[in-house]
2 protein chains.
Amino acid sequence: MARKDDHPRPALTVDVVVFTILDSDLKLLLIRRDLEPYRDSWALPGGFVREDEDLMRAAERELTEETSLPREHVFLEQLYTFGAPARDPRERVVSVAHYALVRPELVPLARAASDAAETRWYSVASELPGLELAFDHEQIVELALERIRGKLDYAPIGFELVPRTFTVSELRGVFEAIKGTSYDPANFRRRFRRMLTDKVIEEAPGKRQTGARPATVYRFTAGG
Amino acid sequence: MARKDDHPRPALTVDVVVFTILDSDLKLLLIRRDLEPYRDSWALPGGFVREDEDLMRAAERELTEETSLPREHVFLEQLYTFGAPARDPRERVVSVAHYALVRPELVPLARAASDAAETRWYSVASELPGLELAFDHEQIVELALERIRGKLDYAPIGFELVPRTFTVSELRGVFEAIKGTSYDPANFRRRFRRMLTDKVIEEAPGKRQTGARPATVYRFTAGG
DNA sequence: TCTGTAAAGGTCATTTCGACCTCATTATGG
DNA sequence: CCATAATGAGGTCGAAATGACCTTTACAGA
C-alpha cells in the first residue's frame, strides 16, 4: 500500500445525510452555510475528521454537534466516499458521506440545538427538487435516497424511522414516504406479520386511537 | 462543511480487491510487500491517491499498474472507506477500498505484468482462510466477499466473471464459486432463460464441446 | 454398440405476491 | 339511537416464482 513518504494529502471530511419522517413525509436535515464558499447555500451537516478520530466517530460527532441527538438511538452507516478533485473550489477535499435515520420522537431535540447555525428539515418530495445545494451535496443526497429505497426491501431499516412503539399503519406510512409509492394495507400487514416470526418485535400493551378502530401497538423486544 | 483551515490531513490511499474465476474457483489478487511495515506479508494492490486524481481513477491506475489489465474490460466499483486511526502503524492513512471483477480470459495479461513485485492469485475457498494479510486487508477482503455474494442475487455482476462468450454451465460455475454453494442445473438454466428477455444477452453461433452434449454459447449484445 | 455425462426442457408442489373481499371496531352525524 | 364512514384485521384467489425431480437429447469414449 504505502510506497513513498512524499504524497499529496487532501483534506478529509465527513458529511451526513440525516433522514427522519415528519407528518408521513420523508425529510432531511440541511444547514445554511455562514462561510465561503457557497455562503448562504444549504448544505449537509459535516466537517473535518480530527486526528486519531475514526470515520464513524467523526460522523457521530458531526451528527450530535448539529442535532444534539443521542447516538444510541440513531442508525448511522457509511454511504460512499466522494473525491472528485474540484468538488471543493478551494482545495482538494475528500468527503466520506454517511446517512442517518432518526426516529421522529427525537426530532424535537434536533430543533432545540439549532441555535448556532440555521438548520431546517426539508421535505424530500416537495421541497428538495430544484433546490441547489452546496458542493456536490445534491449528488450525495441522491445516492443516499437510492440507498435507503433499495435497502428498505431487504434490510430492517424501516423500523429505524418509526417511534419505539408503533402501529402497522405507521410503519406502512414510513415505507410509503421513503418509496414514494403506496402499499396495499392488507398485503403490507401480511408482510409485516411474516417479519414477526423472528422475535425482534412484540405486541405492546394498549391500543392506539386513530378515529376508527384502534390499532395494535408494537415495540422492539431488545428495548433499545 | 469546511470550517477552519487548520485541520489534520491524513494520507489517502486506494486499495483494490481484484477477483477472478480460475478453474471454477474464486480467486483474488495479492501482492507480497517489499517494504516495511508488513514486509513480506501479502497485501491488496493499492497506493496513494495523486493530487487532482479522482478516487475511481486512482483505483483504475493501481489496477492497471499491478495487473496491466485494460480498464474497459474490468468491472470496478467503490466498496467502503477504512479509516481506523491505527490501521497503519506509521501514520494516519485512510483507504478507499474498491473491488474489481476480471474475466478469466484476461488473467494471463495480469500474470505477465507480475515482474516488478511478487503477485499471486489466491483461492478464496482453499488458500485464503488462515492467511494473515497486511494492515486491515483481511477485513477489506471479508467485506468485498460479502458485497459480491449479496449483489450476485440482484445485480448482473455474475456476467462480469465469465468469458465474453460463455455457456449456461460456465455461468453457473461462477455463481457456485462466488456463493460457495451448488445450484440445481435445471433451475439455474430456467432462471437464466428469464434473464434473456431483456436483450442484453444473445445466442452466439456454434456450440461448445464438453465431453457430453455440446452446450449453446451466449454472448453480450453490446459487444463490450 | 453400449454406457456415462451433461445439455435442455418439462412436471409438480410449495411459496410469494398483488388484487380484492369480508368482518370488526371505533367516531361521528342525523 | 342508529346509519355511515373510516380504519384495523384477516382471508380468498390467481399469477408468478422457486425447489425438487424426471425425461429426453446429443455427444465422447470404451
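The values are calculated or read from the model by the stated rules, or taken from the named source; none is laboratory data. Since the structure is predicted, the reported quantities are computational estimates derived from the model, not experimental observations. Every residue, glycine as well, gets a Cβ built from its backbone with ideal geometry; the counts of neighbours run over all protein chains shown. For the accessible areas, the whole protein counts, side chains as well, though only heavy atoms, and no ligand, DNA or RNA atoms are used. Shrake-Rupley method; radii C 1.70, N 1.55, O 1.52, S 1.80 Å.
Compute the distance in nm between two label points, each set 7 Å from the Cα along the Cα-to-Cβ direction, one at B:His7 and one at A:Lys151.
According to this spin-label approximation, the distance is 2.3 nm.
Can you give the helix-only mean residue ellipticity at 222 nm for the protein assembly as shown, where every DSSP H stretch with n ≥ 4 adds -39500 (n - 2.57) and the sum goes over all residues, rounded to the nearest 500 deg cm²/dmol?
After summing the helix terms and dividing by the residues of the protein assembly as shown, the value is -8000 deg cm²/dmol.
Could you tell me the total accessible area buried at the A-B interface, probe 1.4 Å, in square angstrom to the nearest hundred?
3700 Å²
Just grab the label-to-label distance for B:Glu72 and A:Thr216, each label 7 Å out from Cα along the Cβ direction, in nm (one decimal).
Modelled inter-label distance: 5.9 nm.
Under the 0.36 nm per residue contour assumption, what length would be gained going from the current alpha-carbon distance of A:Ser182 and A:Ser169 to full extension?
3.5 nm
Going by the alpha-carbon gyration tensor, a ≥ b ≥ c the square roots of its eigenvalues, is region A:154-196 rounded (a/c under 1.5) or, if a/c is not under 1.5, prolate (a/b greater than b/c) versus oblate?
In terms of gyration-tensor shape, rounded.
Around B:Ser41, which amide H atoms from residues at least 5 apart in sequence, or from another chain, sit under 5 Å from its own amide H, with H modelled in the peptide plane?
Counting only residues 5 or more places away or on other chains, the set is B:Arg33.
Can you give the accessible area of A:Asp184 in Å² (nearest 10), computed on protein heavy atoms with a 1.4 Å probe?
80 Å²
If I model a spin label at B:Arg120 and B:Gln139 as a point 7 Å from the Cα along the Cα→Cβ vector, what separation in nanometres do I get?
Once both label points are built, they end up 2.5 nm from each other.
Once you've got the GNM for chain A with C-alpha springs shorter than 10 Å, pick whichever of A:Ala59, A:Ala84, A:Ala177 has the biggest mean-square fluctuation.
A:Ala84
For chain A, with all protein chains present and a 1.4 Å probe, just round the carbon and sulfur fraction of the accessible area to a whole percent.
That fraction is 48 percent.
Given the C-alpha centroids of region B:27-73 and region B:136-180, what is the distance between them in whole angstrom?
21 Å
Measuring from the lowest to the highest alpha carbon on each principal axis, how far does region B:64-156 reach, largest first, in angstroms?
The principal-axis extents, from largest down, are 39, 38, 28 Å.
Compute for region A:14-119: radius of gyration divided by Kirkwood radius, i.e. Rg/Rh, restricted to C-alpha atoms, rounded to two decimals.
Ratio of gyration radius to Kirkwood radius: 0.96.
If I histogram all Cα-Cα distances within chain B using bins 5 Å wide from 0, what percent of pairs lands in each bin?
All Cα pairs, binned at 5 Å, distribute as 1, 6, 13, 17, 18, 15, 11, 8, 5, 3, 2, 1, 0, 0 percent.
May I have the count of lysine pairs in chain B with C-alpha atoms under 29 Å apart, counting pairs 8 or more residues apart or located on different chains?
Taking the Cα cut-off of 29 Å, the pair count is 8.
Helix A:168-179 versus the longest principal axis of chain A: what is the Cα-based angle in degrees, 0 to 90, to the nearest 10?
30 degrees
Residues of A:11-20, mean number of Cβ from any other protein chain within 10 Å of their own Cβ, rounded to a whole number?
3
Per residue, how much accessible area does region B:162-220 have with a 1.4 Å probe, in Å²?
Ligands and nucleic acids excluded, the figure is 63 Å² per residue.
Considering chain B as a Gaussian network with a 10 Å cut-off on Cα pairs, which listed residue, B:Arg120, B:Arg191, B:Arg87, attains the greatest mean-square fluctuation?
B:Arg191
From the backbone phi of region B:201-216, what are the Karplus-calculated ³J(HN,Hα) couplings (6.51 cos²θ - 1.76 cosθ + 1.60, θ = phi - 60°) in whole Hz, Gly and Pro given as x?
Karplus-based 3J(HN,Hα) across region B:201-216 equals 10, 9, 6, 9, x, x, 10, 10, 7, 9, x, 9, 4, x, 9, 5 Hz.
At a Förster distance of 35 Å, what's the computed FRET efficiency of A:Met195 paired with B:Ser24, Cβ-Cβ distance as r, to 0.05?
The calculated FRET efficiency here is 0.40.
Please find, in a Gaussian network model of chain A (springs between Cα atoms separated by less than 10 Å), the residue of A:Leu69, A:Leu29, A:Leu12 whose mean-square fluctuation is greatest.
A:Leu12
Shortest first, in nm, what separates the label point of A:Pro89 from those of the same position in the other copies (7 Å along Cα→Cβ)?
Label-point distances to the other copies, shortest first: 4.6 nm.
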